[in-house]
Amino acid sequence: MGLVSSAVGAARPAGQPRSGLRIRACWLILGGYLLAAVALTWRLWADPASRMQTGDITDVNLFAWFIRYAAVSVAHGSLPSLVNTAMNAPQGINLMWNTSLLLPGVLLTPVTLLAGPQTSLTVLLTLGFAGSAAALFWVLLRWGASIGAAALGGAVYGFSPALLASSIGHYHLQFAVLPPLMIDALLRIVTGRGHPLRSGAWLGLLVAAQLFTGEELVVDTALAGLVMLAVLAASAPREVRARAVSTVAGLAVAAGVTLLIAGYGLWVQFHGPLAEHGGPWTPNRYRNRAAAFVTPSGDLWLHTHADAVAIASHPLERPEYVAYLGWPLLIVLLVAAVRYWRSWLVRIPAVTCAVLELLSLGGTQVVRGVTVPRQLLPWHWLAHLPILDQVLPDRLSILADGMAAAVLAFALDRALAGAGATTSRPGPASRWRRAVPAAIAALAVLPLIPLPIHTTQVAPVPAGWQTVFARLQLARNAPVLVVPTASGQAPQALRWYAETGQPGSMSGGYFIGPDHTGRGRMYGGRQAKAAATSINAMWLDPVHGQRLSSAQFRGYLARWRPAAVVAVTRRTSRLGRLLSAVLGRPGFAAGRVLGWRR
């Protein structure tokens, strides 16, 4: 195919290392990625079972719960149930509608059982950085990039500000290993570089794995892939048209393999118990602001106090500050796209990066006090389409960063080739000309260097927690009402389960579930008071302002029918007196924990 021969064949600079040296160089680069990931997470590795990231304690506790639930399921000889009452009993939750990390949770079961769920999350975080970098490095090599350029591209993606921000608490986004592989498989089908059926089967396996890791990245990757295919079709319409039949065959195989592996899970999600529609978020709120592309966060090495002040006024949480690329890299990308526009390997990711970043601006944008007309923002035209109406546009920056890394790598190779890198005996002038592009690339990515992740101590399990549960002698899945169900904004009961495996079934929690109309809502966390009127969740925390009467509490008990009630409080506290008035004297007490068997 002409597209492949001209775009890829020309991308292999002469003088590449011999096979043995090349393999050793690749292993050194992969080892470097792992060392960089450990350096970034070293504060977690200092005490992996007891240290967690700061900035999003709620989500970290939730993911710890999911990891423990998967491990407990595997330890009892089964896979995690997609609909279960381990949380929000007796209604339960649908794990496919929640960011449940099903596949990583199952694979990390030995680590969880031996070292605890927080250690598993630290392993996942470290592999997310190193693995994402390695995945794009491998893909760039397959498409003809030199080892040095591919190594730089992999590092830019794997340690990008988008993944760094996601590491604060969004594990399902930070583990971005599979998207580059999915894009590679898709392009191999369309361009004919790979056998359509084998590549299709591989793509189907990758999509299914990503569906059970984090569905959101499947949609984001599919959107990026559609943009790339559109640019490819516009660039080489005859070649793409000539391969239409084999492309359809490959995509059909991919769809078949995906449905074979993940079809039941998708059916449970959209047609099973607790299926829902819509989402609890306002997608347009989760959009990149234009200034965020050039204003670094305090998690990066190069930032100023003024930057920190500007980010403090950002309307979203730290995990959503994913847009930053910096002026140097943005300028280099623009110049590279213009200079090497004739190269499809530069043009396709460059256009895709630009489109994704435009989409990430959402449907509303204000620049220096001037409101941009919605009609000029691409997301305005897509936001109401099925599935896309639940996508949070700012997170498209993860895929955009991968495209930016590809542009940088392929453009660097072409700049080096143009500077005389292919000559057999380069002289001093030639070496100087080659040093200039490499120096420019290094300076462009310098502002992206991250600082080690900030950590805090995991909240300890209340004294007496395990003692009370041992005395209650409950069945494994007996529903338990834990009060208070949360402390502040962090559902501590989820963390207590993650650390001890108790209770095996709990009322309330922190999850996404349907309301009485079937629309997805968030229960627990910041929307706790609104959720208190729902049958799906309850927030009992008089310390933080909500006071329940005895009659209201009896109504909750009648609704949930718990086998036991466990309270982390003193008998003489307001909550302790309320519980004693309704349930009588605690049957069991140890440390700060009271227990009633019903």
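Tabulated results
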{"quantity": "Between helix 344-360 and the chain: long-axis angle, C-alpha atoms, 0 to 90°, nearest 10", "calculated": "30"}
{"quantity": "Share of carbon and sulfur in the accessible heavy-atom surface of the chain [1.4 Å probe, %]", "calculated": "65"}
{"quantity": "Alpha-carbon spread of segment 33-128, three principal axes, descending order, Å", "calculated": "43, 29, 21"}
{"quantity": "Mean Cα-pair separation over length for the chain, i.e. relative contact order, pairs under 8 Å, 6 or more apart, %", "calculated": "19"}
{"quantity": "Relative contact order %, segment 135-192, counting alpha carbon pairs below 8 Å whose residues are six or more apart", "calculated": "37"}
{"quantity": "Column: log10 I(q)/I(0), Debye, Cα scatterers of the chain, q = 0.10 Å⁻¹", "calculated": "-0.90"}
{"quantity": "Protection proxy ranking of 347-358, 38-49, 557-568, 57-68 - average other beta-carbon atoms within 10 Å, highest first", "calculated": "57-68, 347-358, 557-568, 38-49"}
{"quantity": "Å³ per residue enclosed by the Cα convex hull of segment 254-406", "calculated": "164"}
{"quantity": "Nonlocal amide H pairs with Val83, under 5 Å, H built at 1.01 Å", "calculated": "Leu95"}
{"quantity": "Within-15-Å neighbourhood charge of Gln53 [Cβ basis; K, R +1; D, E -1]", "calculated": "-2"}
{"quantity": "Whole-Hz ³J(HN,Hα) from phi, Karplus 6.51 cos²θ - 1.76 cosθ + 1.60, for segment 432-441, glycine and proline x", "calculated": "5, 5, 6, 5, 5, x, 5, 5, 4, 5"}
{"quantity": "Packing rank of 178-190, 574-586, where each peptide gets the mean count of other beta carbons within 10 Å, highest leading", "calculated": "178-190, 574-586"}
{"quantity": "Shape of segment 164-262, Cα gyration tensor, a/c cut at 1.5", "calculated": "oblate"}
{"quantity": "Probe 1.4 Å, protein heavy atoms only - accessible area per residue of the chain in square angstrom", "calculated": "42"}
{"quantity": "³J(HN,Hα) computed for each position of segment 145-161 - Karplus, 6.51 cos²θ - 1.76 cosθ + 1.60, integer Hz, glycine/proline x", "calculated": "6, 6, 4, x, 5, 5, 4, 5, x, x, 5, 4, 6, x, 10, 5, x"}
{"quantity": "Cα-projected label distance for Ala581 with His305, points at 7 Å along beta-carbon direction, nm", "calculated": "5.2"}
{"quantity": "5 Å-binned pair-distance histogram of segment 78-176 (Cα, whole percent)", "calculated": "3, 12, 17, 16, 17, 13, 9, 6, 3, 2, 1, 0"}
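The values are calculated or read from the model by the stated rules, or taken from the named source; none is laboratory data. Only a predicted model underlies this, so the values are computations on that prediction, with no experimental measurement involved. Note: ideal-geometry Cβ built from the backbone for every residue, glycine included; neighbour counts use all protein chains shown. The accessibility values were calculated without ligands, DNA or RNA, using every heavy atom of the protein model including side chains. Shrake-Rupley method; radii C 1.70, N 1.55, O 1.52, S 1.80 Å.
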